[in-house]
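The values are calculated or read from the model by the stated rules, or taken from the named source; none is laboratory data. Quantities reported herein were computed from a predicted structural model and do not represent experimental measurements. Here the Cβ positions follow ideal geometry from the backbone for every residue, glycine too, while neighbour counts run over all protein chains shown. Note: areas computed on protein heavy atoms with side chains; ligands, DNA, RNA excluded. Shrake-Rupley method; radii C 1.70, N 1.55, O 1.52, S 1.80 Å.
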Amino acid sequence: MSAEAQTKYRGKVLQVAVPSPLRRVFDYLPLPQKHALPEPRVGIRVKVSFGRQQLIGIVVAVVNSSTLEKKKLKPILASLDSEPLLNNAVFKVLLWAANYYQHPVGEVFAAALPAKLRNGIPLRGINKFWTASEPTAEEENSLSRAVKQQALLSFIRSTGEVTESELRETGFSKQLLMQLLQKNLVEEHSRAEVAAASFEPLEKESNFDIKLNEEQLIAVTTISKALDAYKCFLLDGITGSGKTEVYMRIMQEQLSKGLQCLVLVPEIGLTPQTITRFQQRFSCLVVSLHSGLNETERMTAWSQARDGSAGIVIGTRSAIFTPLAKPGLIVIDEEHDSSFKQQDGFRYSARDLAVSRARQESVCIVLGSATPSLESLHNAQTNKFVHLHLTQRTGIDQSSTMEVIDVSNEAMTEGFSEQLLYRIRKHIAQRNQVLVFINRRGFAPILNCQTCGWICECENCIAQFTVHANPPSIRCHHCGAAARLPRSCPSCKSKDLNTMGIGTQRIEVFLQKQFTDTPVIRIDRDSTRRKHSLEKMLEEINKGDPCILLGTQMLAKGHHFPNITLVAILDADSGLFSADFRGQEHMGQTIVQVAGRAGRADRPGEVLIQSRHASHETLQSLANKTYSEFSQSQLQERMAAQLPPFSHLCLLRTEASEMQPALQFLDGIAQFCQRFSAHNSLPIEQLGPLPAPMEKRAGKYRVQLLLKTDKRGNLQALLSSLCAELESMKLPRSVRFSIDVDPQDLV
Ligand code: ADP
Ligand code: ZN
Ligand code: ZN
């Protein structure tokens, strides 16, 4: 049957993306002409009735027919905008993303808009205004009997233009204006059009005194030459090699043309310092978009990006959807960072979408990192990206040396070998600062009973409770559950409870006992919960007095500690033998990033890695080679195993309060996938369904099925057909199903 044959209604139909779990658009009729001025267009918000609710959706297409009968088509309730909220490129990227990530298109649009707009609040800050057009005699004549319309037209002619508020003040109705608009006697404009150049274009040569080194110069000239079209650059430069300086030179160039720059940074990297750095360099308006904003602040920043008054927009993951009036450049700093991938709901990769957006906008994009992801390195090696290198530390900085300490035969005290303690003492005695890295917060990861062997586990998750010291409690790091520290074993009543393993709090206690005269500063999610506490600690550290800085992942990013001369990685082994195939890549990135904090001043830095597997190839290649050689050998392993970037993955997951229904449902899906791939001769490998490595989390059992193929197209074909099938079925209410395309988190 052809599509023609299914047409049941002919006439104007709006296809609306409505926030609902269904992966499709819905047909609505426009309002009868007399209400609907101006006419609904692609990209505007409309209010529609949807089942028993009224929802706000976005018009994604205006077509001339529907497969529904007329009586089944409802008119929209209202149209909320007179012009599209999102620019064309963002609009297209979202449509593409809905399809690629197999996420309901209405929810995709909802995720891209600030909450206020999502909820139907009018976009303030779009200052619309109207000017008189040059009408034909016929058009002019059409007013002969419309006295009020004539009066408004003369008013507009006399003042040159009229804005919405002037209209209100002078008592002319909007309706009147719309009538003039329909007769082509006035033209509508919006501030976005005129404001696009409204931040002061920067002087091209502003005076800052940093002289670029040769590699920076090559990077800047190469990018500069390509700025009038799409191109993606991978700026691969060690920490402190001046990547940010390179971004800023290119930004300078685009800002001086009146073009805007969008800068994405990892969640943890968007500190007031980052924003200040841009504000100090550039005179234009710099706005930031991150999770700490309230909805009014977000709305304002978003509008300033959209109407062109902000020159620089800096934000975390979801800022990639911010429309720009005059886009000129996209920068992704620390492109390897996993916070660019959304881990639930609309599971998009902001980095990947940034690349497709840059292509849509015909602008350049720079992906910067000291430890590029294997995906991006692969793209550079296959010439999709241009690879630029910065290998020199700027200024007087010296590089650090890295060494693996073999602790396989050592007696350890609270996670420290004698050797390591000795080295820390030495650096402190020389009045230097030391950084101790362990990626586990809390006091200890395990609480058990010495008498019967009971282990304290979270009931909601198959995971151990972590013991916290302050206040004494047990907390689940997976679902957030917390309780008082048990005094006795619930199983045998013994009071002989014991903590095993180490976390930051325990090390803090230990180090403070060992180094009574040296402040130990702990930086982790718990110690920085209170506002400004991180800044205070950083201030303390930057005074430069000897101290021991102790912390998690939070330390690996963004912050510069010029006085640190020793970095100690307490435990590299968990990364070596991780269930996740990206485990080693992430471990390597973390170690290199943490190491990058040391030796930035005129003192060389030392990096010590404790391991029970000191001769492990991966550790040795990290310690003795460059990150680039390390990543090269990782790439080879991935190629041998046919894992990303040499194949493409999709993770299908079910969750339910019992294991059986989750397994059963995914089993059905696996069978569908098998039939589909066989029938269409698509080489798609299936692993599972199997219980997830983390089998139960937050009260739900989790089962997953991993799909693997060498062509994205294969997966896309399968997924589209799977989703269509699922939507035609009645799903069991008790099972939650999700699709994660290009998953980062397989646990
Ligand atoms: P990255 O972003 O690669 O970590 P930055 O751009 O932040 O490096 O540079 C590190 C420090 O070196 C900054 O203080 C910066 O001002 C300085 N810097 C950058 N380029 C140069 C240069 N060519 N000469 C001297 N100092 C530089
Ligand atoms: Zn017991
Ligand atoms: Zn839990």
Screening ARG702, ARG733 for residues that are more than 16 Å from ligand 2 (Cβ to nearest atom) and part of a strand (DSSP E or B) leaves only ARG702
Residue pairs qualifying under the 7 Å Cβ cut-off, at least six apart or on distinct chains, with the first in segment 232-253 being farther than 18 Å from TYR627 by Cβ and more than 10 Å from ligand 1 (Cβ to nearest atom) and the second being among the hydroxyl-bearing types (Ser, Thr, Tyr) and at pLDDT 95 or above, are ILE250/SER224; GLU253/SER224
Going through (1) open to solvent by 70 Å² or more (accessible area, probe 1.4 Å); (2) in contact with a Phe, Trp or Tyr (Cβ under 8 Å, 6 or more places away or on another chain); (3) within 12 Å of ligand 3 (Cβ to nearest atom) one by one, GLN464 fails only at (2)
Flag if ASN460 is more than 16 Å from ligand 1 (Cβ to nearest atom), out of contact with any Leu (no Cβ under 8 Å at 6 or more places or on another chain), under 22 Å from VAL509 (Cα atoms) and not assigned by TED's automatic domain parsing to the domain that holds ALA598: no
Residues in segment 232-290 that are closer than 17 Å to SER318 by Cβ, open to solvent by 10 Å² or more (accessible area, probe 1.4 Å), in a loop (DSSP other than H, G, I, E, B) and among the hydrophobic types (A, V, I, L, M, F, W, C) total 1
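Can you confirm whether segment 53-67 contains a residue that is without any contact (Cβ under 8 Å) to a residue 12 or more places away in the chain, open to solvent by 20 Å² or more (accessible area, probe 1.4 Å) and more than 17 Å from LEU31 (Cα to Cα)?
First, the residues of segment 53-67 that are without any contact (Cβ under 8 Å) to a residue 12 or more places away in the chain: 53.
Cutting the leftovers down to open to solvent by 20 Å² or more (accessible area, probe 1.4 Å) gives us 53.
Subset that is more than 17 Å from LEU31 (Cα to Cα): 53.
Scanning segment 53-67 turns up at least one residue that is without any contact (Cβ under 8 Å) to a residue 12 or more places away in the chain, open to solvent by 20 Å² or more (accessible area, probe 1.4 Å) and more than 17 Å from LEU31 (Cα to Cα).
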Segment 320-439: helices (runs of 4 or more DSSP H) wholly inside it with 2 or more residues that are open to solvent by 30 Å² or more (accessible area, probe 1.4 Å) and over 24 Å from LEU622 (Cβ atoms) are 350-361, 418-429
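Within segment 623-636, can you find the residues that are acidic (Asp, Glu) and buried (at least 16 other Cβ atoms within 10 Å of the Cβ)? Don't jump to the end; show me each part of the working.
Initially, segment 623-636 is screened for residues acidic (Asp, Glu), giving 629.
Across segment 623-636, there are no qualifying residues.
Among the helices (runs of 4 or more DSSP H) confined wholly to segment 561-650, which include 1 or more residues that are within 30 Å of ARG712 (Cβ to Cβ) and modelled with pLDDT of 85 or more?
Values: elements: 573-576, 583-595, 617-624, 627-641.
It comes to 583-595, 617-624, 627-641.
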Counted residues in segment 467-484 being surrounded by fewer than 19 Cβ atoms within 10 Å (Cβ to Cβ) and touching a Leu at 6+ places or on another chain (Cβ under 8 Å) come to 2
All conditions in (1) part of a helix (DSSP H, G or I); (2) surrounded by fewer than 20 Cβ atoms within 10 Å (Cβ to Cβ); (3) not β-branched (Val, Ile, Thr) are true of LEU293 except (1)
For segment 445-459, pairs from a residue that is within 12 Å of THR499 (Cα to Cα) to a residue that is part of a loop (DSSP other than H, G, I, E, B) and away from ligand 2 (no atom under 11 Å from the Cβ), with Cβ under 7 Å and 6 or more apart or across chains, are PRO445/GLY501; PRO445/GLY503; ILE446/GLY501; LEU447/PHE465; CYS456/PHE465
- Message: Would you confirm whether or not segment 648-669 contains a residue that is open to solvent by less than 30 Å² (accessible area, probe 1.4 Å) and out of contact with any strand residue (DSSP E or B) (no Cβ under 9 Å at 6 or more places or on another chain)?
- Response: no
Within segment 296-315, residues buried (at least 22 other Cβ atoms within 10 Å of the Cβ) and free of Cβ contacts under 8 Å to residues at least 60 places away in the same chain come out as ALA301, ALA305, VAL313, ILE314, GLY315
Next item on the list: State yes or no: is GLN610 in contact (Cβ under 8 Å) with a residue 40 or more places away in the chain and open to solvent by less than 50 Å² (accessible area, probe 1.4 Å)?
Entry: yes
Picking from ILE462, ILE405, ILE455, the residue that is within 16 Å of ligand 2 (Cβ to nearest atom) and among the β-branched types (Val, Ile, Thr) would be ILE455
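Being on the phi > 0 side of the Ramachandran plot and in a strand (DSSP E or B): is that true of GLY57 here? Lay out the reasoning, then the answer.
Numbers: on the phi > 0 side of the Ramachandran plot: no; in a strand (DSSP E or B): yes.
When the stated conditions are applied, GLY57 does not pass them.
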Scanning segment 493-520 for residues that are within 15 Å of ligand 2 (Cβ to nearest atom), open to solvent by 50 Å² or more (accessible area, probe 1.4 Å) and either hydroxyl-bearing (Ser, Thr, Tyr) or assigned to a loop (DSSP other than H, G, I, E, B) (or both) gives LYS493, LYS495, ASP496
Residue set LEU117, LEU31, LEU94; condition aliphatic (A, V, I, L, M) and surrounded by fewer than 19 Cβ atoms within 10 Å (Cβ to Cβ); output residue LEU31
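Search segment 465-483 for residues being farther than 20 Å from VAL509 by Cβ and not aliphatic (A, V, I, L, M), and hand back the single one that is nearest to ligand 2 (Cβ to nearest atom).
Narrowing segment 465-483 to residues farther than 20 Å from VAL509 by Cβ: 476, 478-483.
Then drop every residue that is not not aliphatic (A, V, I, L, M), which leaves 476, 478-480.
Working: CYS476: 20, HIS478: 24, CYS479: 24, GLY480: 26 Å.
Filtering first and then ranking leaves CYS476.
For segment 710-730, which residues satisfy the criterion of being part of a helix (DSSP H, G or I) and either in contact with an Asp or Glu (Cβ under 8 Å, 6 or more places away or on another chain) or under 25 Å from GLU658 (Cα atoms) (or both)? Steps first, please.
In the first step, residues of segment 710-730 are kept if they are part of a helix (DSSP H, G or I); the result is 712-728.
Across segment 710-730, the qualifying residues are LEU722, CYS723, GLU725, LEU726, GLU727, SER728.
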Exception for PRO84 within (1) of a type outside the set (A, V, I, L, M); (2) touching a Gly at 6+ places or on another chain (Cβ under 6 Å); (3) free of Cβ contacts under 8 Å to residues at least 40 places away in the same chain falls at (3)
Filtering segment 477-506 down to residues that are hydroxyl-bearing (Ser, Thr, Tyr), in contact (Cβ under 8 Å) with a residue 24 or more places away in the chain and within 17 Å of GLY453 (Cα to Cα) yields SER491, SER494, THR499
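Restricting attention to segment 440-457, and to residues there that are touching a helix residue (DSSP H, G or I) at 6+ places or on another chain (Cβ under 9 Å) and part of a loop (DSSP other than H, G, I, E, B), which single residue is farthest from ligand 1 (Cβ to nearest atom)?
Filtering segment 440-457 for residues touching a helix residue (DSSP H, G or I) at 6+ places or on another chain (Cβ under 9 Å) gives 440-444.
Keeping just the survivors that are part of a loop (DSSP other than H, G, I, E, B) gives 440-443.
Working: ARG440: 26, ARG441: 26, GLY442: 30, PHE443: 33 Å.
Among those that are touching a helix residue (DSSP H, G or I) at 6+ places or on another chain (Cβ under 9 Å) and part of a loop (DSSP other than H, G, I, E, B), it is PHE443.
Do we find that ASN439 is more than 31 Å from the chain's Cα centre (by Cα) and touching a residue at least 24 places away in the same chain (Cβ under 8 Å) in this structure?
On the way: more than 31 Å from the chain's Cα centre (by Cα): no; touching a residue at least 24 places away in the same chain (Cβ under 8 Å): yes.
Considered against the rule, which asks whether it is more than 31 Å from the chain's Cα centre (by Cα) and touching a residue at least 24 places away in the same chain (Cβ under 8 Å), ASN439 comes out as no.
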In the set GLN593, GLN620, the lone residue that is in contact (Cβ under 8 Å) with a residue 60 or more places away in the chain and buried (at least 20 other Cβ atoms within 10 Å of the Cβ) is GLN593
Is one or more of the residues making up segment 542-551 free of Cβ contacts under 8 Å to residues at least 24 places away in the same chain, open to solvent by 20 Å² or more (accessible area, probe 1.4 Å) and either hydrophobic (A, V, I, L, M, F, W, C) or assigned by TED's automatic domain parsing to the domain that holds ARG425 (or both)? yes
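Hey, could you check segment 667-699 for residues that are in contact (Cβ under 8 Å) with a residue 40 or more places away in the chain and outside any strand (DSSP E or B) and say which is nearest to PHE577 (Cα to Cα)? Working first, answer last.
Within segment 667-699, the subset in contact (Cβ under 8 Å) with a residue 40 or more places away in the chain is 669, 672-673, 676-677, 692-699.
Imposing the further condition that a residue be outside any strand (DSSP E or B) reduces the set to 669, 672-673, 676-677, 698-699.
Working: ILE669: 31, PHE672: 34, CYS673: 31, PHE676: 35, SER677: 33, ALA698: 25, GLY699: 27 Å.
It comes out as ALA698.
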